Structures are given as C-alpha cells and as structure tokens.
C-alpha cells in the first residue's frame, strides 16, 4: 500500500510544516483546479481556512468529520483518531464538517454556508480527496478568519501567523497518522465462557499472535461500577492499563491483560473511537478487538470504520484463546 501524503496547498502552509514533520509534504497549489495527478493512498490535507461556526475562533484547529462540496459529501473515517490526538497535545480543536468552495466565500454567501452546519470553509480539501479511496482523506485546518473577523482586515496578518503556528503544532499528529497507515487484520474476539482453556505457559519468549489488544468496554464502565474490580497492569514497560476487570461470570477476558502483558502485547481499553491512542497503531498490523457482554454493538462498528480510514481492513471472528497462543518461532 502506498504511504500517506500530506498536502499543503499554499506555500505558507508548506513552510509552516517544513522541519516540524517527518512525513513528506507536497505543495499542491491554491484552489480547486490543483488536484492530485493520480489515485493515491490516504492523504492528509493540512492548511488554513475560514471559520463558519461562532465557536470556531482564529488559531483554532478544525478536523473534518465530513468533507463537503456542492452536491458531494465525503466521509473522513479516521477523523476521530486525529481529533483525539490533537486534544491530547493541548490544542484547541473542533470536529465537524468542512466545506470546500470554488472560490473564497465572504459576506452573505458565507452566512448562508454557516447555516448548513459546516465549521469551516476552504477551497481545496474536497477536490484533493477525489483521487483518494473513499473515506481515507483526513483534513486539519487552522482558522485565520471568521464571520466577526473577516479576511480583508488589518488584523489578518497576525491571525494568519497564529493559525500557521497552530498548524505547525499539529505536525506530530500528522506523523502519527502517517505511521499508522497500512493494511490490517482485525480479529473480533467475542466473550468467552468460563470453560475456556487456560492460556499456555512458557518460560521462553515467543512471538505473539497479535500486535495490539483493544479491550472494548461500555462508557458506563469507564469509572468504577458495582461488580467490577479495579486493576492495573504494566504493559511492556511503556503503557499502564487501568480499567475495570470483567467478571468471570460475564466472559472469560478478565485474565487477558495479564496474558497479553506477559507476552509484551500492548493492551488498550477503549470506550469510544476517540479514546483510541493513534500512536498505538504504529506497526499494529494484527489487532485483537475484545468485546464484553456490555460492549455497545455500535462501538465495534465505529472502531472498524475508523481503522478502515487508515487502510484496508480484513475482519475475522475468533476467540481470545485461539489467537493469543505462541508461534513456534522464538524471538531474541
């Protein structure tokens, strides 16, 4: 699969990212006539935009949940992952639709566009997305002007500098996105019975069957709840897992964190797509998604949808016991 491409339409946007990002940045040019020459892998469009919603202020970032243009609505499936990662950096960020117009929109036309629910407007994103597989374009835009702070105004230069600084601050997330791109196999592990066989034991390090375990839980269990015991497990010396343990009577995943930890597999509790750390997906090509009886069905579907925004996903139903066995080959 082709690696991701970061597209910066304007020279100033390209310059803001240069030196702050390891992923190659392509300057695509201003406006709707500048498009990618051929079908590409996932792309990220990074640049500045005009704000439409009164909550969006100069210097804020907007991540496109939808990319719109006249008569067309394109999804951005991985958008919640980038939105969450930007928030973790402490940046002021919004998630919602971005509209791509044929030309700069101002005055009454901008007021009408704001009434559609779009958070921001640009002149490139949707047109660049035409060359990309559906849903695999992400957009991060930094706001320069708003309805109350128009583009033609003496303060635009300072607002532009502020917006470009915010865009540069988003560079680490663009690198995380690029590192997470790729094909994946997702193993859907349903609740097991208490009769499931115990995990095999070994005194030698073996190659695990999966790269990452995502333990899906209901948002209601994100805090202590009756019948759940709190436990913490250190994973590979880097991650600390702290979440309610699932009662054995509900399913047989209560011992899963320890099993995965012993084999050096990161375990991440997830109660929403935005709760998944984008950085964990680097190199994670085989992921076990473990549901409990209390996991909302929509959470599994939303998670698979977000992962598909990073590349093709093959889904297979299995059990935890089947997939967390050791491969015969040892690793040093």
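A few comments on the model shown:
- Packing-based order for 96-107, 116-127, using average beta carbon neighbours within 10 Å, highest first: 116-127, 96-107
- Global geometry of the stretch 51-119, whether rounded, prolate or oblate, following the gyration tensor of its Cα atoms and the 1.5 cut on a/c: oblate
- Tensor-based shape of the stretch 5-180 (alpha-carbon gyration tensor, a/c under 1.5 rounded, otherwise prolate or oblate): rounded
- Distance from the C-alpha centroid of the stretch 47-102 to that of the stretch 110-167: 8 Å, rounded to the whole angstrom.
- For peptides 46-55, 284-293, sequence by mean Cβ density within 10 Å, most packed first: 46-55, 284-293
- Sorted on the mean count of surrounding Cβ atoms within 10 Å across their residues, most packed first, peptides 176-182, 15-21 read 176-182, 15-21.
A short reminder: the numbers here are calculations on the coordinates, not readings from a lab. Keep in mind it's a predicted model, so treat the numbers as computed, not measured. All Cβ positions, even for glycine, are placed from backbone atoms using ideal geometry, and neighbour counts span all protein chains on display.
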